[in-house]
Amino acid sequence: MFSENGIATAADFKQSQRTDQYNGHDYYLIDDLLSGEHKMIRQAARDWIKAEVSPIIEDAAQKAKFPAQIIPGLASIGAFGPYIPEAYGGPGLDQISYGIIMQELERCDSGVRSTASVQSSLVMYPIWKYATEEQKQKFLPGLASGELIGCFGLTEPNHGSNPGGMTTRFTDAGDHVILNGAKMWISNAPFADLAVVWAKDDNDKIRGLVVERGMEGFSTPEMHGKWSLRASATGELIFEDVKVPKENIFPDIVGLKGPLSCLSSARYGIAWGAIGCALDCYDTALRYSKERVQFDKPIAGFQLTQKKLAEMITEITKAQLMAYRLGQLKNEDRATPAQISMAKRNNVEMALKICRDSRQILGGMGIMDEYPIMRHMMNLESVITYEGTHEIHLLITGMDVTGINAFR
Amino acid sequence: MKYLVCISKVPDTTTKIEFTDNNSKFNESNVQWIINPTDEWYALVRAIELKEANGGTVTVINVGGAENDQVIRKALAIGADNAVRVNADPSDAYFVASQIAAHAKAEGYDLIFTGKETINYNGFVVGGMLAELLDMPYISLAAKLTANGDTYEVTREIEGGEEVLEVSGACVISCQKGMAEQRIPNMRGIMSARTKPLTVVEASAEAPLTEVVSYTSPPARSDVKLVDADNVEELVKLLHEEAKVI
């Protein structure tokens with residue numbers, strides 16, 4: 001699956017000698033609200049991350065190579081479609097479990113979390129919700145086990161915040177359709193086995209269809225030169241007269257609500273995930289500040305350091321409560337897209353600020369890859385932009401509370 | 001083959017240790033609990049490996065209240081087939097050993113594993129007591145075990161080297177590093193743990209033989225005294241008068 005795309009394998013990475021000392025922080029004892037199984041899932045994810053991903057993540061980011069060898073492990077901890085029912089090969093977990101797994105992954109690296117988010121919420125979710133029974137049986141078990149990797153094509157070079165203006169379209173050609181156009185900024189694209197693509201039909205309606213690797217005219221060139229999400233692979237999807245069988249089209253979902261429902265699910269995962277970055281930076285800065293001595297005492301003993309640390313744990317705690325409550329609402333199927341949007345925006349911005357304050361506490365050491373802070377900071381510059389930019393999320397809340405659309 | 005693994009519930013190693021009730025009880029509030037590491041990483045995993053190689057069943061047993069079920073489920077997620085919880089406060093080693101012995105006598109196990117010691121109270125005698133109560137051989141601190149039918153070759157760590165023993169028939173083994181490698185439960189295991197049998201049995205009428213009077217935390221570390229490298233006289237004086245080591 002990977003060799004032809006030159007995706008990196010285990011042998012390509014140098015093992016770091018640094019021990020991942022991360023410990024969770026739970027100031028408001030939110031763990032008391034989790035089930036024993038939630039905690040077991042979290043511990044398994046954390047243990048796996050520490051054993052298999054932390055030792056290679058800095059090297060993967062430095063080399064800008066996706067570590068493909070972690071795919072079976074991601075599947076094994078349940079990171080691919082945690083809430084997909086057992087009948088389709090998923091573990092059938094609740095939404096809080098999904099959030100917990102995304103948080104543990106993003107605690108390590110937003111790129112690793114992105115790979116799992118895309119697979120879960122942007123590929124498995126629409127297939128589960130909108131595909132025919134045959135399509136579900138065909139794709140979901142392989143996606144859950146990691147034997148198949150998927151990607152999601154919505155954004156185009158000229159249509160980011162305004163996906164409704166997309167120009168990718170397909171025309172009817174009897175038993176199949178002919179797809180033409182291009183998608184950009186697509187996580188997992190370079191090595192994906194299939195793509196869930198949103199395109200306009202002959203009636204100018206947005207429809208979803210599954211494009212499979214190997215279909216003639218379908219290519220996925222990798223985008224190079226990112227300073228962010230360097231441990232995940234990003235590419236384009238190019239469709240040149242691609243013949244897609246009609247059975248690959250989702251039968252009933254029409255319009256933007258299809259892709260937006262996927263984004264809502266992914267954004268929910270990001271609302272949890274970003275807290276992982278914040279926790280890792282806070283954990284690093286707290287430990288460092290107690291060990292680093294200047295003017296004969298640990299820098300944790302200075303008021304300006306304490307102000308940063310106190311504000312960090314306060315903001316983390318608020319974000320944790322927000323994510324937890326949102327998880328409850330998701331479990332009850334009551335979370336609105338606007339509520340999810342608020343949590344994504346707030347928690348990503350919170351995490352980015354904490355990265356910057358943590359970097360400041362570590363001084364010059366904060367820029368080194370001996371510590372994860374700078375990598376998280378660079379990653380979050382993508383996270384604050386993808387899945388709805390920070391600005392668009394502000395407008396979503398603005399429209400929700402005023403009833404007035406300020407997008408145009 | 002029937003394997004029994006004795007597991008203990010202990011606080012996570014990052015727990016802040018505090019005592020209550022006039023320093024006679026460990027303060028359990030806000031503590032995250034784990035399976036005692038040597039029980040999990042070495043005893044349980046080796047039993048599962050033997051089962052995978054030779055067939056059989058792995059049962060885990062724990063003495064404690066219903067709050068222990070979560071760590072027991074983790075043992076099931078890692079790969080044990082079923083579990084027994086003796087519903088009683090694990091008040092001392094003799095009490096725990098006698099409860100496990102009562103169960104083991106009734107069930108008849110081929111091999112019984114424990115970890116080498118618990119990380120909470122440094123307990124390490126349950127295995128030995130259990131062997132005595134069951135009239136079985138006991139091998140402590142085992143770092144390697146190979147099975148040939150019902151004969152086992154067991155390597156123990158001893159001071160400065162190792163000792164290789166052979167034992168036949170049912171026995172009790174306490175396990176340490178080298179015996180196996182930690183296994184992280186996968187999602188399939190976590191899901192199957194939901195439905196694996198966890199039987200709760202009431203305690204037999206044994207009484208503990210000991211009672212905890214009090215605990216004391218180690219004294220807080222005092223400040224480090226830095227002595228100038230040239231000032232040997234001062235160093236000797238401090239080592240003699242304050243540290244009293246020379």
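The values are calculated or read from the model by the stated rules, or taken from the named source; none is laboratory data. Quantities reported herein were computed from a predicted structural model and do not represent experimental measurements. Counting neighbours? That spans all protein chains shown, and the Cβs are built from the backbone with ideal geometry, glycine included.
Overview of results
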quantity: Among the residues listed as A:Leu122, A:Leu140, the single one being farther than 26 Å from A:Asp204 by Cα, among the hydrophobic types (A, V, I, L, M, F, W, C) and assigned to a helix (DSSP H, G or I); calculated: A:Leu140
quantity: Filtered residues of region B:1-39 (kept if among the hydroxyl-bearing types (Ser, Thr, Tyr) and farther than 20 Å from B:Ser217 by Cα); calculated: B:Tyr3, B:Ser8, B:Thr38
quantity: Evaluation of A:Glu58 against (1) among the acidic types (Asp, Glu); (2) under 20 Å from the mean Cα position of the chain (by Cα); (3) surrounded by fewer than 14 Cβ atoms within 10 Å (Cβ to Cβ) (one fails), failing number; calculated: (3)
quantity: Complete set of residues in region B:173-211 that are aliphatic (A, V, I, L, M) and more than 14 Å from chain A (Cβ to nearest Cβ); calculated: B:Ile173, B:Met179, B:Ala180, B:Val200, B:Val201, B:Ala203, B:Ala205, B:Ala207, B:Leu209
quantity: Matching residues in region A:37-63 - criterion: being more than 20 Å from B:Ile72 (Cβ to Cβ) and among the polar types (S, T, N, Q); calculated: A:Ser54, A:Gln62
quantity: Filter pass, A:Lys243 being over 26 Å from A:Lys353 (Cβ atoms) and loosely packed, with under 14 Cβ neighbours inside 10 Å; calculated: no
quantity: Hits in region A:41-82 (condition: facing chain B (nearest Cβ under 8 Å), free of Cβ contacts under 8 Å to residues at least 60 places away in the same chain and among the aliphatic types (A, V, I, L, M)); calculated: A:Ala44, A:Ala51, A:Ile77
quantity: Matching residues, region A:326-350, being under 14 Å from A:Thr397 (Cα atoms) and either at pLDDT below 95 or part of a helix (DSSP H, G or I) (or both); calculated: A:Pro337, A:Ala338, A:Gln339, A:Ile340, A:Ser341, A:Met342, A:Ala343, A:Lys344, A:Arg345, A:Asn346
quantity: A:Asp283 vs. criteria among the charged types (D, E, K, R), assigned to a helix (DSSP H, G or I) and at pLDDT 95 or above; calculated: yes
quantity: Matching residues, region A:30-39, being assigned to a helix (DSSP H, G or I), at the interface with another protein chain (Cβ under 9 Å from one of its Cβ atoms) and either within 25 Å of A:Ala310 (Cβ to Cβ) or more than 22 Å from the chain's Cα centre (by Cα) (or both); calculated: A:Asp31, A:Asp32, A:Gly36, A:Glu37
quantity: Residue in region B:157-168 that is surrounded by the fewest Cβ atoms within 10 Å (Cβ to Cβ), counting only those that are assigned to a strand (DSSP E or B) and at pLDDT below 95; calculated: B:Gly161
quantity: Selected residue [among the hydroxyl-bearing types (Ser, Thr, Tyr), in contact (Cβ under 8 Å) with a residue 24 or more places away in the chain, surrounded by 14 or more Cβ atoms within 10 Å (Cβ to Cβ) and part of a loop (DSSP other than H, G, I, E, B)] from A:Tyr27, A:Tyr22; calculated: A:Tyr22
quantity: Residue count for region A:1-19, restricted to those that are over 20 Å from B:Pro37 (Cβ atoms) and free of Cβ contacts under 8 Å to residues at least 60 places away in the same chain; calculated: 11
quantity: Helices (runs of 4 or more DSSP H) enclosed by region B:26-140 - at least 2 residues per element that are crowded, with 24+ Cβ neighbours inside 10 Å and β-branched (Val, Ile, Thr); calculated: B:69-78, B:93-107
quantity: Of all residues making up region B:1-25, the number that are within 14 Å of chain A (Cβ to nearest Cβ) and in a loop (DSSP other than H, G, I, E, B); calculated: 5
quantity: Pair list, Cβ < 6 Å and 6+ apart or interchain, from region A:303-316 residues that are in contact (Cβ under 8 Å) with a residue 40 or more places away in the chain to residues that are not in a helix (DSSP H, G or I); calculated: A:Ile313/A:Tyr27
quantity: Subset of region A:280-320 (residues that are of a type in the set (A, V, I, L, M, F, W, C) and either touching a strand residue (DSSP E or B) at 6+ places or on another chain (Cβ under 6 Å) or surrounded by 13 or more Cβ atoms within 10 Å (Cβ to Cβ) (or both)); calculated: A:Cys281, A:Ala285, A:Leu286, A:Ile299, A:Ala300, A:Phe302, A:Leu309, A:Met312, A:Ile313, A:Ile316, A:Ala319
quantity: Within region B:222-242, tally of residues that are of a type in the set (A, V, I, L, M) and surrounded by 10 or more Cβ atoms within 10 Å (Cβ to Cβ); calculated: 6
quantity: For B:Glu166: the one exception among (1) away from chain A (no Cβ under 14 Å); (2) within 22 Å of the chain's Cα centre (by Cα); calculated: (2)
quantity: Enumeration of residues in region A:351-408 that are in a helix (DSSP H, G or I) and β-branched (Val, Ile, Thr); calculated: A:Ile354, A:Ile361, A:Ile367, A:Ile373, A:Val383, A:Ile392, A:Ile396, A:Thr397, A:Val401, A:Thr402
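For (1) touching a Lys or Arg at 6+ places or on another chain (Cβ under 9 Å); (2) assigned by TED's automatic domain parsing to the domain that holds A:Ser161; (3) without any contact (Cβ under 8 Å) to a residue 24 or more places away in the chain, each residue gets a yes or a no:
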{"residue": "A:Gly225", "(1), (2), (3)": "no, yes, yes"}
{"residue": "A:Leu229", "(1), (2), (3)": "no, yes, no"}
{"residue": "A:Ile238", "(1), (2), (3)": "yes, yes, no"}
{"residue": "A:Lys243", "(1), (2), (3)": "no, yes, no"}
{"residue": "A:Leu263", "(1), (2), (3)": "no, no, no"}
{"residue": "A:Tyr268", "(1), (2), (3)": "yes, no, no"}
{"residue": "A:Gly273", "(1), (2), (3)": "yes, no, no"}
{"residue": "A:Ala278", "(1), (2), (3)": "yes, no, no"}
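Okay, residues lined up against (1) within 14 Å of chain B (Cβ to nearest Cβ); (2) within 12 Å of the chain's Cα centre (by Cα):
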residue: A:Gly90; (1), (2): yes, no
residue: A:Ile100; (1), (2): yes, no
residue: A:Asp109; (1), (2): no, yes
residue: A:Gln137; (1), (2): no, no
residue: A:Pro141; (1), (2): yes, no
residue: A:Glu156; (1), (2): no, no
residue: A:Gly160; (1), (2): no, no
